[in-house]
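The values are calculated or read from the model by the stated rules, or taken from the named source; none is laboratory data. Quick caveat: nothing in here was measured; it's all calculated off a predicted structure. Quick reminder, even Gly has a Cβ in these numbers, built from the backbone with ideal geometry, and neighbours come from all protein chains shown. These area figures cover heavy atoms from the full protein model, side chains too; ligands, DNA and RNA do not enter into them. Shrake-Rupley method; radii C 1.70, N 1.55, O 1.52, S 1.80 Å.
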Amino acid sequence: PRAVRENLRPSTQALLIHTLLREPDNLSLTELAPKLGYSVMTMSRAMDELQAAGLGEAARSGRGRSLHLTEPKLVVWKQAQTFLRDPVKSRHPIRMPPGMGLPGALAGLSALARYSMLAEPHNAVVALSARDWKSMRRQETVLEAAGDEPDALTVEVWSYAPTLFASEGVVDRLSLYLSLREDTDERIEAAISQMIEDAAW
């Protein structure tokens with residue numbers, strides 16, 4: 001039997017989150033791979049990994065392999081917790097040129113404020129993929145800032161593209177939960193738990 005990794009690869013986590021958030025469309029790997037921005041081979045490995053972890057089953061259909069969850073979505077989400085990782089690889093406070101809009105979807109406490117009754121933080125938090133962050137850093141108008149500087153913006157660089165699952169300019173609630181679950185602030189703990197309960201499972 002295939003060994004189970006302690007943490008899922010970012011591509012595997014992206015496949016699982018896609019499956020949990022979207023209605024089951026039973027897309028084959030060849031149809032799903034371009035949607036998520038990965039190769040068919042990477043998606044095939046991701047499916048094998050989810051099957052090894054007992055979170056899904058690869059079913060053969062006329063169009064190839066597709067992923068089916070072994071349990072209801074909420075049950076799979078809870079079972080997956082030990083395998084899932086924080087999508088945030090690094091955080092960077094920056095200063096944006098005046099009049100420029102937010103460069104990515106709201107993340108961190110800025111996103112949590114949209115999903116809960118928590119007040120928005122003074123400085124906005126947005127999420128970018130590593131590729132988009134690299135591209136943004138090439139712009140001379142973007143400057144590093146101190147984290148507590150007024151009007152600074154915190155950029156979170158994610159291990160998979162946050163735009164895959166963002167809706168209305170806010171990152172998805174499952175990835176957001178994973179990015180905040182280590183926070184020991186009781187208000188944040190309560191807010192992210194409520195956010196997951198409120199999800200349309």
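Values for this structure:
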{"read-out": "Boolean, LEU128 is over 18 Å from the mean Cα position of the chain (by Cα) and modelled with pLDDT of 90 or more", "value": "no"}
{"read-out": "Given (1) open to solvent by less than 20 Å² (accessible area, probe 1.4 Å); (2) touching a Leu at 6+ places or on another chain (Cβ under 8 Å); (3) not in a loop (DSSP other than H, G, I, E, B), index of the condition LEU84 fails", "value": "(3)"}
{"read-out": "Residues within region 64-81 that are open to solvent by 60 Å² or more (accessible area, probe 1.4 Å) and either of a type in the set (D, E, K, R) or touching a strand residue (DSSP E or B) at 6+ places or on another chain (Cβ under 7 Å) (or both), tallied", "value": "3"}
{"read-out": "Sole exception among (1) open to solvent by less than 30 Å² (accessible area, probe 1.4 Å); (2) closer than 19 Å to ALA105 by Cα for ILE188, by number", "value": "(2)"}
{"read-out": "Selected residue [open to solvent by less than 20 Å² (accessible area, probe 1.4 Å), at positive phi and under 20 Å from the mean Cα position of the chain (by Cα)] from GLY169, GLY108", "value": "GLY108"}
{"read-out": "Where THR42 falls short, out of the listed (1) at pLDDT 95 or above; (2) under 21 Å from SER129 (Cα atoms); (3) in contact with a strand residue (DSSP E or B) (Cβ under 9 Å, 6 or more places away or on another chain)", "value": "(3)"}
{"read-out": "Region 164-192, residues that are of a type in the set (Ser, Thr, Tyr) and within 16 Å of ASP86 (Cα to Cα)", "value": "SER175, TYR177, SER179, THR184"}
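Table: residues versus (1) within 22 Å of LEU178 (Cα to Cα); (2) touching a Lys or Arg at 6+ places or on another chain (Cβ under 6 Å); (3) without any contact (Cβ under 8 Å) to a residue 40 or more places away in the chain; (4) not polar (S, T, N, Q).
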{"site": "ASN7", "(1), (2), (3), (4)": "yes, yes, no, no"}
{"site": "LEU21", "(1), (2), (3), (4)": "yes, no, no, yes"}
{"site": "SER28", "(1), (2), (3), (4)": "no, yes, yes, no"}
{"site": "LEU32", "(1), (2), (3), (4)": "no, no, yes, yes"}
{"site": "GLY37", "(1), (2), (3), (4)": "yes, no, no, yes"}
{"site": "THR42", "(1), (2), (3), (4)": "no, no, yes, no"}
{"site": "LEU69", "(1), (2), (3), (4)": "yes, no, no, yes"}
{"site": "VAL75", "(1), (2), (3), (4)": "yes, no, yes, yes"}
{"site": "LEU84", "(1), (2), (3), (4)": "yes, no, no, yes"}
